[in-house]
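Undergrad: Before anything else, here's the structure in question.
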Amino acid sequence: MEAKQIKRISKYLSLILRHRPEKINLKLDKNGWASVDSLLEKSSNFGIDFNKGALDFIIENNNKKRFSYNYNQTKIRANQGHSIDIELGYAPVEPPETLFHGTAKHFLTDIKAKGLQKMNRHHVHLSAGRDTATNVGSRHGSVTVLTVRSKEMYDAGYEFFISPNGVWLTDNVPVEYFD
Ligand code: HQG
């Protein structure tokens, strides 16, 4: 399969598995899992044809490892980034001393007033590396990277989670934890 085609399917999967399963009438369970068979069938009915081999390829090679199978590969879900109400069930873990959040300069006034909020997603997304944060922030405009004192937040009782693809998640970041 061509790279372009893989990218197109990958974007489509993000839309369906994170935000709009109802678009193809797909059912997700409370943990965000969809049946692989039903995803393939409903996508095909919707005019987007691919097979299990394409899914295997995307799960293995997607640049951010956005999706996972369950143990016997009968179900698939997005690892993070949802706007729909599902429970990922990740266990809370202790974060490193600092984490990064890339954002656009034009959001800074609001962010400095209200802290980082999850906006349309389930969590605020943070990364362990400054480079990743820079890439994430560039999606929104002229980029700036905030350093968050995550360990201090954790010690104060804030919960942190890490998705299987290494994205750090937390509910919100109050301004006093920016460096
Ligand atoms: C900003 C992509 C105003 C926040 C990425 C961000 C990531 C505020 C934007 C993942 C604010 C929300 C998530 C406040 C936060 N006032 N703006 N109080 N608090 N913001 O896309 O972190 O490629 O929902 O800084 O790589 O950019 O989809 O979050 O700029 O991992 O897999 O509001 O999405 O992953 O934007 O990105 P987003 P994000 P995928």
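The values are calculated or read from the model by the stated rules, or taken from the named source; none is laboratory data. Because the structure is predicted, anything quoted here is derived from the model rather than measured. Note: ideal-geometry Cβ built from the backbone for every residue, glycine included; neighbour counts use all protein chains shown. In case anyone asks, the SASA skips ligands and DNA or RNA and just uses the protein heavy atoms, side chains included. Shrake-Rupley method; radii C 1.70, N 1.55, O 1.52, S 1.80 Å.
Undergrad: Would you please name the residue that is nearest to residue 83 (Cα to Cα), looking only at residues in the stretch 20-45 that are under 20 Å from the mean Cα position of the chain (by Cα) and open to solvent by 60 Å² or more (accessible area, probe 1.4 Å)?
TA: In this case the residue turns out to be 20.
Undergrad: Tell me yes or no: at least one residue of the stretch 93-105 is of a type in the set (Gly, Ala, Ser), open to solvent by less than 70 Å² (accessible area, probe 1.4 Å) and assigned to a strand (DSSP E or B).
TA: Within the stretch 93-105 (the criterion being of a type in the set (Gly, Ala, Ser), open to solvent by less than 70 Å² (accessible area, probe 1.4 Å) and assigned to a strand (DSSP E or B)), the answer is yes, since at least one residue qualifies.
Undergrad: Which of (1) away from the ligand (no atom under 12 Å from the Cβ); (2) open to solvent by 60 Å² or more (accessible area, probe 1.4 Å); (3) modelled with pLDDT under 95; (4) farther than 21 Å from residue 25 by Cα is the odd one out, the single condition residue 85 does not satisfy?
TA: (4)
Undergrad: Same structure, new question: Take the residues in the stretch 1-11 that are surrounded by 11 or more Cβ atoms within 10 Å (Cβ to Cβ) and over 14 Å from the mean Cα position of the chain (by Cα), then tell me which one is nearest to residue 49 (Cα to Cα).
TA: Taking the candidates together, the pick is 9.
Undergrad: Residues of the stretch 149-175 being under 17 Å from residue 80 (Cβ atoms) and open to solvent by less than 60 Å² (accessible area, probe 1.4 Å), which ones?
TA: If the condition is that a residue be under 17 Å from residue 80 (Cβ atoms) and open to solvent by less than 60 Å² (accessible area, probe 1.4 Å), then 150, 160, 161, 163, 165, 166, 167, 168, 169, 170, 172, 173 are the ones that fit.
Undergrad: Can you find a residue that is under 30 Å from residue 36 (Cβ atoms), within 16 Å of the chain's Cα centre (by Cα) and more than 9 Å from the ligand (Cβ to nearest atom) anywhere in the stretch 123-146?
TA: No, because not a single residue in the stretch 123-146 is under 30 Å from residue 36 (Cβ atoms), within 16 Å of the chain's Cα centre (by Cα) and more than 9 Å from the ligand (Cβ to nearest atom).
Undergrad: On the given criteria, is residue 178 under 30 Å from residue 21 (Cα atoms), open to solvent by less than 60 Å² (accessible area, probe 1.4 Å), more than 9 Å from the ligand (Cβ to nearest atom) and modelled with pLDDT of 95 or more?
TA: no
Undergrad: Please work out which residue is surrounded by the fewest Cβ atoms within 10 Å (Cβ to Cβ), limiting yourself to the stretch 118-148 and to residues that are touching a Phe, Trp or Tyr at 6+ places or on another chain (Cβ under 8 Å), in a strand (DSSP E or B) and of a type in the set (Ser, Thr, Tyr).
TA: 147
Undergrad: Please go through the stretch 1-20 and pick out each residue that is assigned to a helix (DSSP H, G or I), in contact with a helix residue (DSSP H, G or I) (Cβ under 9 Å, 6 or more places away or on another chain) and not β-branched (Val, Ile, Thr).
TA: 5, 10, 12, 13, 15, 17, listed by residue number.
Undergrad: Continuing with this model, one more query. Going residue by residue through the stretch 54-74, is there one that turns out to be touching a residue at least 12 places away in the same chain (Cβ under 8 Å), assigned to a helix (DSSP H, G or I), within 16 Å of the ligand (Cβ to nearest atom) and surrounded by 13 or more Cβ atoms within 10 Å (Cβ to Cβ)?
TA: yes
Undergrad: Among the residues in the stretch 19-30, are any of a type in the set (A, V, I, L, M, F, W, C) and in contact with a Pro (Cβ under 6 Å, 6 or more places away or on another chain)?
TA: yes
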